[in-house]
Amino acid sequence: MQARSEGLRRQGKTIVFVPTMGFLHAGHAALLQEGRALGDDLVLSIFVNPTQFGPTEDFEAYPRDMERDLALAAQAGVDAVFTPDRSELYGNDYETYVQLEKLPQHLCGLSRPTHFRGVATVVTKLFHIVKPHIAVFGQKDYQQLAVIRRMVRDLNFDIEIRGLATVREADGLAMSSRNTYLSPAQRQRAVCLYQALTNAAEMVKNGERSAATVMAAARNLISAQAEARIDYISICHPDSLEEMENIAGPALMALAVFFGKTRLIDNMILKPEKGAG
Ligand code: PAF
């Protein structure tokens, strides 16, 4: 993979990279479509990264379908698919990790304390192997994108990071490989994440400035759904992810909700109208 990228770089080609854990859906297809337009060579990686799963999480159960993924990659015009084995990326004596200090101490990092260390580490490794000029990530994993942007800035990676809007099902549920875990009833109820976010955006647009009030409305809306268990609801600064009390400017609303064992996340930027409130 490194030799291939070196060759392309010598020819002056622009390499665009879309890292994934596979089980591709329309959200990934949108990343690939964007990536295709951004450069000469489009690389997709498929690797279910063990270091970003906690000991009680779904690493073993994470959905995998390499044959289907490769067909989708071909349809999307991908030039190379990188599918390393676990032992190729993490040998028995592996011991080096990339750890951010502050950004992981919010939102998903609170209930998944080793998650972003695993993400930052594997993305660093993939960047060194694929050697892209541009890498494309989805905004559904807002905190992941923030962590990667910060890491790229702090460690001087010569890579441009692009974030792409969340792709949603017709009813608003954010596309995720984990949606396949949901029972039909849970799937119907799972739209409450999107409803809570759009309702919050509307409240803020109409002049509500108290984060506590907006979060309480979201909590009520989600708790009304059978089986929904809230992991967190947060309104925070879009860059630092620090909690906000008053919504004076654009704010990130992020949430994580369990349906049974399935943990879903979603987010939206809340924008106060100028002059309102
Ligand atoms: O978003 C994902 O699919 C993963 O977290 C990533 C970025 C491929 C790292 O394993």
Relative contact order of region 66-148 (C-alpha contacts under 8 Å, at least 6 apart) in percent is 27
List every residue whose amide H lies under 5 Å from the amide H of S45, counting only residues 5 or more places away in sequence or on a different chain, with H placed 1.01 Å from N in the peptide plane. V18, T20, F82
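Whole number please: convex hull volume per residue of the Cα set in region 69-120, in Å³?
Values: hull volume 7.2 nm³, N = 52.
Cα convex hull per residue, to the nearest whole number: 139 Å³.
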Under 5 Å, built H, 5+ apart or other chain: amide partners of D231: A256, V257, F258
Gaussian network model of the chain, Cα springs within a sub-10 Å range: biggest mean-square fluctuation belongs to which of A200, A73, A212? A212
Convex hull (Cα only) mean projected area of the chain, reported in nm² to one decimal: 15.4
Using only Cα atoms, what is the ratio of the radius of gyration of region 1-142 to 2.2 N^0.38 Å? 1.07
Two pseudo-spin positions, 7 Å from Cα along C-beta at L155 and at N206, lie apart in nanometres by 4.6
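So between A216 and Y97, what do we pick up on full extension, going 0.36 nm a residue minus the alpha carbon distance?
Values: separation 119, 0.36 × 119 = 42.84 nm, distance 3.77 nm.
Computed gain between A216 and Y97 is 39.1 nm.
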Integer Hz, Karplus 6.51/-1.76/1.60 couplings in order for region 204-220, x for Gly and Pro: 5, 4, 7, x, 5, 10, 8, 4, 4, 5, 5, 5, 5, 5, 5, 4, 4
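Between T14 and I230, what FRET efficiency follows from the Cβ-Cβ distance if R0 is 51 Å, with the result rounded to 0.05?
Values: r = 43 Å, r/R0 = 0.84.
Given R0 = 51 Å and the Cβ-Cβ separation, E is 0.75.
Could you give the C-alpha radius of gyration of region 164-269 expressed as a fraction of 2.2 N^0.38 Å, taking N as the number of residues it contains?
Taking N as the residue count of region 164-269, the ratio is 1.04.
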Sort out for me the Cα centre separation of region 64-107 from region 9-26, rounded to whole Å. 12
Please work out the C-alpha center-to-center distance from region 30-51 to region 243-268 and express it in whole Å. 26
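Any read-out appearing in this document is the output of simple, stated calculations on the displayed coordinates, not a laboratory observation. Just so you know, these numbers come straight off a predicted model, no measurement behind them. A quick note on method: Cβ atoms are made from the backbone with ideal geometry, for glycine too, and the neighbour counts reach across all protein chains shown.
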